[in-house]
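Here the structure comes first, spelled out in C-alpha cells, and everything after it is commentary.
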Amino acid sequence: MQIASTADRRRQMPMGDRIRARRKALGLTLQQLAQLSGLSAPFISQAERDLSVPSLVSLLALADALTVDLSYFMEVPDGGTIVQRAAKPRRIEADGPVDYIDLASDLADRKLDIVLMRVPPGHAFPTGQRKGEDFLYVIEGDVTGVVGNTKARLGPGDSLHFDALHPHGARNTSDRDAVLLYVGTPSVFRKAPDGVIDAGDADA
C-alpha cells in the first residue's frame, strides 16, 4: 500500500483549504494575515472559502506572509534541463484565467523568473508590491500598466522595468488575449523542501 506524502496530500486540497490550514498552523487570525500580506481580511476569507481565486500576485503575498514557497499553492514544473522546447511548454498549474508558462530552468539558487503569460481580455492583475525588480514586455495585445504614479498603455514591443516595491498592476485593455513576457528577481518560484521557505528567505 502506497502512502501519499504530505506534499501530495496538500496538492489534493482545494486552494482555500491550503490557505486556511497554513494560517491556523501559524496561529494567525484573518486580520493578522491581512496585515502581514497587505490583502484585505474579507478577500482572504473569500479565498479560504473558494469564493474568489487569488491572482499570482496575491498568492505571492500570501506565500510570503505564511512563510511558504509559492509551490505550496501551485504546481511549478521541474526544469531538468537548460533547454526549453516550444512543443513541450512547462505550464504552471494555477487556479485562474491566466495561462503561465515557465521559461526558466530549475537552476540551483535560481535568481530570477522568466514567465510567458497569456492574459484574457479584460483581466486585471491586482495591485502588488514586493522586494526586487520586475520587467514586463508586451508581445501581443494591449495592456495598461500602473507603477506608482505612472500609468501607461502598452502595445506590442512596449515594456516596463521597475522597482517592484512601487505599487504596480496591469489590465488587458484589448478585446483579445494579451501575451506578455515577465522577468522578475528574486525568484518567487524557488524550490524548497516540502514548500516551506527557510527562515533566512522569509523576508525575501
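Of all the accessible heavy-atom surface of segment 6-159, with the other protein chains kept in place and a 1.4 Å probe, what percent is carbon and sulfur?
Of the solvent-accessible surface of segment 6-159, carbon and sulfur hold 52 percent.
Excluding ligands, DNA and RNA, the accessible surface per residue across segment 35-111 is 51 Å² with a 1.4 Å probe.
Under a no-solvent Debye model with one identical scatterer per Cα of segment 19-135, what's log10 I(q)/I(0) at q = 0.13, 0.16, 0.18 Å⁻¹? Once normalised to I(0) and log-transformed, intensities are -0.57, -0.85, -1.03. Taking all protein chains into account, the per residue accessible area for segment 121-177 stands at 56 Å² (1.4 Å probe). Take the Cα of E93, step 7 Å along the line toward its Cβ, and report every residue of segment 102-127 whose backbone nitrogen sits under 18 Å from that point. From segment 102-127, the list is 102-103. What is the spin-label model distance, in nm, from K151 to L112 if the labels are put 7 Å beyond Cα along the C-beta direction? The answer from the label model is 3.0 nm.
The values are calculated or read from the model by the stated rules, or taken from the named source; none is laboratory data. A quick note: this is a predicted structure, and the numbers were derived from the prediction, not measured. Heads up, the Cβs are rebuilt from the backbone with ideal geometry, glycines too, and the neighbour counts pull from every protein chain shown. Keep in mind that these areas ignore ligands, DNA and RNA; they rest on the heavy atoms of the full protein, side chains included. Shrake-Rupley method; radii C 1.70, N 1.55, O 1.52, S 1.80 Å.
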